[in-house]
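Beneath this line is the structure, given in structure tokens, with notes to follow.
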Amino acid sequence: EKEGYPHFMLKEIFEQPGCIHDCMRGRINIDGNSVVLSAVIDYKEKLLKAKRFIIVACGTSWHAGLIGKHLIESFCRIPVEVEYASEFRYRDPVIDENDVVIAISQSGETADTLAAVELAKSRGAFIYGICNAIGSSIPRATHTGSYIHVGPEIGVASTKAFTGQVTVLTMLALTLAREKRTIGEAQFLKVVHELNGIPEKMKQVLKLNDKIAELSKIFTYAHNFIYLGRGYSYPVALEGALKLKEISYIHAEGYPAAEMKHGPIALVDAEMPVVVIATQNGLYEKVLSNIQEIKARKGRVIALVTEGDTVISKIADYCIELPQTIECLDPLITTVPLQMLAYHVAVCKGMDVDQPRNLAKSVTVE
Ligand code: F6R
């Protein structure tokens with residue numbers, strides 16, 4: 001059932017173009033100029049009158065939530081908080097019937113996320129679930145929601161569920177923004193059109209697999225990695241670092257690139273691999289200067305850049321060139337090479353990629 005792939009994780013990484021297509025099916029029309037997430041329309045009164053959204057999740061799903069915050073705030077102009085479910089549920093949080101809680105969970109069974117949902121529901125909040133496993137506990141506990149429809153995820157390290165979650169969050173933000181009239185028609189069309197084209201671009205990214213496998217051999221020596229990104233790429237940096245630590249057992253930290261100078265840059269020396277998401281979007285110039293700061297301390301920079309970038313290729317030690325997309329969809333492209341990097345480093349180190357030590361696929365105990 002691995003269909004010729006050596007591990008479920010690699011199979012699931014490669015399934016992503018098809019998964020994203022399935023996730024969008026029936027939600028984005030064929031012409032790529034309209035998107036409708038039916039749960040958003042069915043419950044639009046609740047969602048439109050919300051004073052605030054709170055996203056609760058754990059692990060990789062929490063990283064998707066950070067991207068969701070950025071999407072919903074910029075398209076819908078609603079304040080969004082992103083909480084670790086385990087922290088939220090034990091804090092006696094301030095929450096009432098004016099809040100909408102979005103619970104994100106691949107398995108739909110994560111104990112802390114489920115408890116956060118129950119708590120928020122008991123305080124009168126409206127609960128929207130974004131899950132993968134059909135009929136699991138979290139979708140049953142929520143008022144409504146949207147499945148990500150990416151199929152069963154077997155590898156313990158979450159891959160296709162993350163990109164599916166980000167895709168649903170994008171469609172949610174777009175559908176709601178249109179109802180709220182907080183997005184202009186031209187921008188709406190542009191984002192929907194680009195989103196529709198993401199599966200094809202992901203296929204291009206997957207062609208980098210051999211190159212990334214080669215690159216990974218260089219880094220099996222490392223005991224530490226730093227991942228940097230800004231804006232939409234900051235959660236991607238966190239996610240890249242989590243993937244690496246959970247399957248290769250290399251310590252890795254993700255940071256917002258500009259935070260480096262407030263402490264972590266002290267860690268950088270000629271031994272330190274620093275993965276920087278440096279695609280040509282909004283904060284490109286800022287990220288470029290962050291790379292220069294790392295190079296000045298002799299860090300080994302692995303940069304994710306937009307195809308045809310001639311500036312960063314001159315200063316970074318290694319470049320991974322990716323197809324161009326718009327800023328808010330960049331995570332759907334930049335996450336994929338980081339999944340492959342983590343996978344190949346772990347394989348080179350001889351680790352059991354699908355069953356990493358100490359981890360279970362669904363965390364039903366707290
Ligand atoms: C990381 C990973 C975990 C899960 C987390 C939440 O690769 O898989 O961090 O994301 O345990 O799980 P779900 O999404 O099932 O609630």
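Coordinate-derived values only; no laboratory data. The structure presented is a predicted model; accordingly, all values stated were derived computationally and were not measured. Here the Cβ is made from the backbone with ideal geometry for all residues, glycine too, and neighbour counts use every protein chain on show.
Give the residue list of trypsin sites (Lys or Arg not before Pro) in segment 40-121 that are DSSP loop and have at most 14 other beta-carbon atoms within 10 angstrom. Please list the in-between numbers first.
On the way: sites: Lys44, Lys46, Lys49, Lys51, Arg52, Lys69, Arg77, Arg89, Arg91, Lys121; in loops: Lys51, Arg77, Arg91.
Passing sites in segment 40-121 are Lys51, Arg77, Arg91.
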message: Set the bar at 21 Å for Cα to Cα. Now go through Lys2/Lys217; Lys49/Lys180; Lys69/Lys261; Lys211/Lys349 and name every pair that lies beyond it.
response: Lys2/Lys217; Lys69/Lys261
- request: With label points built 7 Å along Cα→Cβ from the Cα atoms of Val36 and Lys286, find their separation and express it in nm.
  value: 3.8 nm
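Can you put Asp317, Asp330, Asp269 in order, fewest other beta carbons within 10 Å first?
Working: Asp317 14, Asp330 25, Asp269 10.
Sorted ascending by nearby Cβ count, the order is Asp269, Asp317, Asp330.
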message: What's the whole-number percent of alpha carbon pairs in the chain lying beyond 39 angstrom?
response: 12 percent
message: If you filter segment 266-303 for GluC sites (Glu not before Pro), then keep DSSP loop positions with at most 15 other Cβ within 10 Å, what is left?
response: Glu271
message: Per residue of segment 154-163, what does 6.51 cos²θ - 1.76 cosθ + 1.60 with θ = phi - 60° give for ³J(HN,Hα)? Whole Hz please, x for Gly and Pro, Karplus curve as stated.
response: 9, x, 5, 6, 6, 10, 5, 5, 4, 5
statement: FRET efficiency (Asn224, Glu185; Cβ distance; R0 41 Å; to 0.05) is 0.30
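With each run of n ≥ 4 DSSP H residues scored as -39500 (n - 2.57), what mean residue ellipticity at 222 nm is computed for the chain after dividing by its residue count and rounding to the nearest 500 deg cm²/dmol?
The per-residue figure over the chain is -14500 deg cm²/dmol.
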message: Can you pull out the chymotrypsin sites (Phe, Trp or Tyr not before Pro) in segment 199-267 whose DSSP state is coil and whose Cβ has at most 12 other Cβ atoms within 10 Å?
response: Tyr221
message: Take Arg52 and Asn29, extend 7 Å from each Cα along the Cα→Cβ direction, and tell me the distance between the two endpoints in nm.
response: 3.8 nm
